[in-house]
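S.K.: Quick one: the structure is below, questions incoming.
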Amino acid sequence: MIDTNFIRIVMLAEIGLLGFAVALFFLHGVWVYLTNRRLARLSAAARDSVAVLITRGTVNVEELEVLARQPNDVQVIAFLEISRNVSGTGKDRLRFIADKVGVVERARKLCLNSRWTKRLRGARILSRLDVPDPLVRTLLADPHPAVRAQAAEWAASQPSDDVISAMLALLADPATQARFAVQNALLRMGGVIAGPLAAFLDTHTGKAAEAGLRVAESVAEPSFAPAAQRLSRTPDDPEIRVAAASLLGAIADAAAAERLIEMLKDQDSRVRAAAARSLGRMQHWAAASALFDCMRDSAWRVRKESGLALRSIGAPGTLYLRRALKSDDRFAADMAQQVLDLPAAAAG
C-alpha cells in the first residue's frame, strides 16, 4: 500500500520546485529588462558623445576619456549605429575616435579569436568602420562561411589589387552565403574590377568562370568579350554557356550578336533561350529571322524568349510575330498570340 504521506511530500516538493522555477524565470525577466534599460541609456549617452566628437573641429580629450570609460559593448553599439549615417571625412573621424578609445584594437583581437562568432563580431566592427586592416583580408580564407561573408563585405570598400584577387578566388566558394557575399561585394566595387576580372575569366573554367560571368554581366566592359566568346563554346557545361550568352547580350557588339545567333542552335534549350533573351535585350533587328525560326522550337522557354525578343525589337519583330500567327505550327502561333497580347510594359 502506498504511503499517503510520501505522496504528499513528493507533491509538495514538486510544487516547491515549480514555484522556484517560476520565480527564477520572473527574476531573470526583470534582470534582462533592467539590463536592457541600462544598456539603452548608456548607449544613447555614448552615441551622443561620439556624435559631438566627430562634428567638432578638434577632439576634446576629456570627452574622449569619458567615452573610453564606457563598457565595451556600449562603445561598440554607439560606433556601429553612428557608422550607418556618416561617410567621407565623417567616417574618417569616427574611425580615428574608435581607434583612440580602443574599439579598433579590441576588434582586431576578436578577429584572432578561436571562436568563429568572435571573429565574425570583430570583422563586422572593422567592416562597419571601414578600417583598412590586412587582418580582415586573411578572414576571406576563414573556415566558417559567415566569417568569409563578413570579410567580403569589408572588402567592398577596400578595392585594392590584392583584395580583388582574393575575392575573385572565392567566386566558386562552396558555401552559398559566402559566394553571394563575394559576388555582391565585387559588384559594389564597380568598374575597378574590370581588368582583374577579365584576366580571371581568361584563365578559369567551371563554377568559378560561371560566377565570374555573372559578375561581369553587371559591369559589361568590352574587355570581357574574348572570354565571353571562348566560354560560350564550353562543351558539356550549359550553365556556363547560359552565363556567357547573358554577358554577350550585355556587351552588345556586332561580334556578340553574331555569336548569339549561332547559339540559337545550341543543343541545350536553356542556352537557346538565353541567346534569344540577349538578342532581345540588344534589340538586334538583324536577328529577327533567326528568332522567328525559334518560334517553332520544341522547348516552351525558347519559344517564349524568342517571341519576347521579337516584340522588343520593334516593328520588324512585330511583323514576324504576325506571320507566326498564321503558322501551321500551333505552338508557334499560340506563343505569337500570347506575346502580341501582352501590354507594352510586360513585353519589355
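S.K.: Against the condition open to solvent by 80 Å² or more (accessible area, probe 1.4 Å) and small (Gly, Ala, Ser), how does SER278 come out, does it pass?
M.R.: No: the conditions fail for SER278.
S.K.: Let me ask something else about it. Within the set of pairs 6 or more residues apart or between chains, which connect a residue that is free of Cβ contacts under 8 Å to residues at least 12 places away in the same chain inside segment 105-132 to a residue that is open to solvent by 60 Å² or more (accessible area, probe 1.4 Å) and assigned to a helix (DSSP H, G or I) with Cβ atoms less than 9 Å apart?
M.R.: Once the first residue is free of Cβ contacts under 8 Å to residues at least 12 places away in the same chain and sits in segment 105-132, its partners that are open to solvent by 60 Å² or more (accessible area, probe 1.4 Å) and assigned to a helix (DSSP H, G or I) give GLU105/ASP99; ASN113/ARG121; LYS118/LYS109.
S.K.: A follow-up question, please. Being closer than 26 Å to VAL86 by Cβ and among the β-branched types (Val, Ile, Thr) is the filter here, so list the residues in segment 120-171 that pass it.
M.R.: Correct list: ILE125, VAL131, VAL136, VAL147, VAL163, ILE164.
S.K.: Still on this model: Please verify whether THR176 is of a type in the set (Val, Ile, Thr), farther than 30 Å from LEU126 by Cα and free of Cβ contacts under 8 Å to residues at least 40 places away in the same chain, treating the condition exactly as stated.
M.R.: Values: of a type in the set (Val, Ile, Thr): yes; farther than 30 Å from LEU126 by Cα: no; free of Cβ contacts under 8 Å to residues at least 40 places away in the same chain: yes.
No; evaluated as a whole, the condition is false for this residue.
S.K.: Here's something else I'd like to know. If LYS265 meets every condition in (1) touching a residue at least 40 places away in the same chain (Cβ under 8 Å); (2) closer than 27 Å to PRO316 by Cβ apart from one, which number is that one?
M.R.: It fails just one condition, (1).
S.K.: If you don't mind, there's one more thing I want to ask. Give segment 218-235 a look and list any residue that's closer than 19 Å to GLY190 by Cα and charged (D, E, K, R), or say none.
M.R.: GLU221, the sole residue that qualifies.
S.K.: Of all residues in segment 157-183, count the ones that are open to solvent by 60 Å² or more (accessible area, probe 1.4 Å), more than 17 Å from ALA199 (Cβ to Cβ) and either among the aliphatic types (A, V, I, L, M) or in contact with a Phe, Trp or Tyr (Cβ under 6 Å, 6 or more places away or on another chain) (or both).
M.R.: 0
S.K.: Being out of contact with any Lys or Arg (no Cβ under 9 Å at 6 or more places or on another chain), surrounded by 21 or more Cβ atoms within 10 Å (Cβ to Cβ) and not hydroxyl-bearing (Ser, Thr, Tyr) narrows it down to one residue among LEU310, LEU321, LEU325; which is it?
M.R.: Matching residue, one of LEU310, LEU321, LEU325: LEU310.
S.K.: Wholly within segment 238-336, which helices (runs of 4 or more DSSP H) include no fewer than the required count, namely at least 1 residues that are within 25 Å of ALA208 (Cβ to Cβ) and hydroxyl-bearing (Ser, Thr, Tyr)?
M.R.: Hits in segment 238-336: 238-251, 269-282.
To keep it simple, each residue is scored yes or no on (1) under 18 Å from ARG124 (Cβ atoms); (2) of a type in the set (Val, Ile, Thr); (3) at pLDDT 90 or above.
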| residue | (1), (2), (3) |
| --- | --- |
| GLU153 | yes, no, yes |
| VAL182 | yes, yes, yes |
| ILE193 | no, yes, yes |
| GLU210 | no, no, yes |
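S.K.: When only residues in segment 67-94 that are of a type in the set (Asp, Glu) and touching a helix residue (DSSP H, G or I) at 6+ places or on another chain (Cβ under 8 Å) count, which is most open to solvent (accessible area, probe 1.4 Å)?
M.R.: The qualifying residue most open to solvent (accessible area, probe 1.4 Å) is ASP73.
S.K.: Name the pairs whose Cβ atoms lie under 7 Å apart, with the first residue in segment 71-95 and under 16 Å from TRP154 (Cβ atoms), the second in a helix (DSSP H, G or I) and open to solvent by 70 Å² or more (accessible area, probe 1.4 Å), and 6 or more positions between them or separate chains?
M.R.: Sorted first by the residue in segment 71-95, then by its partner, the pairs are LEU80/ARG128; SER83/ARG128.
S.K.: Please verify whether segment 104-111 includes one or more residues that are of a type in the set (Val, Ile, Thr), modelled with pLDDT of 95 or more and within 30 Å of ASP48 (Cβ to Cβ). Can you show your working first?
M.R.: Looking only at segment 104-111, we keep the residues that are of a type in the set (Val, Ile, Thr), and these are 104.
Subset that is modelled with pLDDT of 95 or more: none.
No - not one qualifying residue is present in segment 104-111.
The values are calculated or read from the model by the stated rules, or taken from the named source; none is laboratory data. Everything numeric here is computed off the predicted structure, so don't read it as measured data. Note that we place each Cβ from the backbone using ideal geometry, even for glycine, and neighbour counts take in every protein chain shown. These area figures cover heavy atoms from the full protein model, side chains too; ligands, DNA and RNA do not enter into them. Shrake-Rupley method; radii C 1.70, N 1.55, O 1.52, S 1.80 Å.
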